[in-house]
1. Cβ contacts < 6 Å: first residue within 22 Å of GLN34 (Cβ to Cβ), restricted to the stretch 52-74; second residue loosely packed, with under 11 Cβ neighbours inside 10 Å and of a type outside the set (S, T, N, Q), any location; separation 6+ or different chain. Result?
2. With respect to THR144, determine if the residue is more than 15 Å from PHE33 (Cα to Cα), in contact with a Ser or Thr (Cβ under 8 Å, 6 or more places away or on another chain) and at pLDDT below 95.
3. Mind counting the residues in the stretch 74-92 that are modelled with pLDDT under 95 and outside any loop (DSSP other than H, G, I, E, B)?
4. Give the residue that is farthest from VAL70 (Cα to Cα), with candidates limited to residues of the stretch 111-151 that are of a type in the set (Ser, Thr, Tyr) and not in a strand (DSSP E or B).
Amino acid sequence: MRKATAALRRLGTGGTGASGAAGASVTGRTLWFQSISNATSGQCLGHQQDTSGTCPAGTAASFTFNYQVVTPGVLTRLWAELNNTRAPTAGQSWIVTVRVNGVASTLTCTIIGPAVACEGASVVAVVAGDQVQVQVTAVGSPQTTGFKTYVTFS
C-alpha cells in the first residue's frame, strides 16, 4: 500500500477543469407517435402514448396527441409502420401525415399494400409554441390497424 501511495504522489493529480474545445450541442431528436390498438381514418396518434383519437384543432394544447415545440427547428423525416398482419390489399392504402398547428404539412408517406411501412422526407420549419401531430387517413377502406411512427426534428 505504501509503494502505491508513493507512486501516486510522484504522478501528481493532473490538470483540472476543461482542457479541450466545447463539444457540439445536441441538434436532433426523434419524436414518437403510436397507437398499437386500431386507429381509424382521420385520427391522430398518441405522442409517446399508445392511443388514437380526434386530432386537436389549431394550436390547442394536447398532452396526449401533441409534441409542443420549445426550440425552433425543422421536421425532416417521417417513418411509419403498421401492424403487419393488417397490410392494405390491392387498391387500399394509409396516408400518414405530420400536422403542424392542426394543418397538414408536406411531410407525409403512404403505405400501399402489401407493404407495411413507408418513409417520407421534406423540410417543415417549426417555431416555439407550434403543436406537432401525426394523423392517419385510410384510402379504399383498409382494415383498422395499429401504427408506430417516428419524426426527425433538428
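1. Matching pairs, first to second residue: VAL69/ALA128; VAL70/ALA128.
2. Values: more than 15 Å from PHE33 (Cα to Cα): yes; in contact with a Ser or Thr (Cβ under 8 Å, 6 or more places away or on another chain): yes; at pLDDT below 95: yes.
Yes: the conditions hold for THR144.
3. We begin by selecting, within the stretch 74-92, every residue modelled with pLDDT under 95; these are 82-92.
Going one step further and asking which of them are outside any loop (DSSP other than H, G, I, E, B), we end up with 82, 84-86.
Result for the stretch 74-92: 4.
4. Residues of the stretch 111-151 of a type in the set (Ser, Thr, Tyr): 122, 137, 141, 144-145, 149-150.
Checking the rest, the ones that are also not in a strand (DSSP E or B) come to 141, 144.
On the way: SER141: 37, THR144: 33 Å.
So the residue we want is SER141.
The values are calculated or read from the model by the stated rules, or taken from the named source; none is laboratory data. As the structure is a prediction and not an experimental result, all values here were calculated from the model. Using ideal geometry, Cβ is built from the backbone for each residue, glycine included, and neighbour counts are taken over all protein chains shown.
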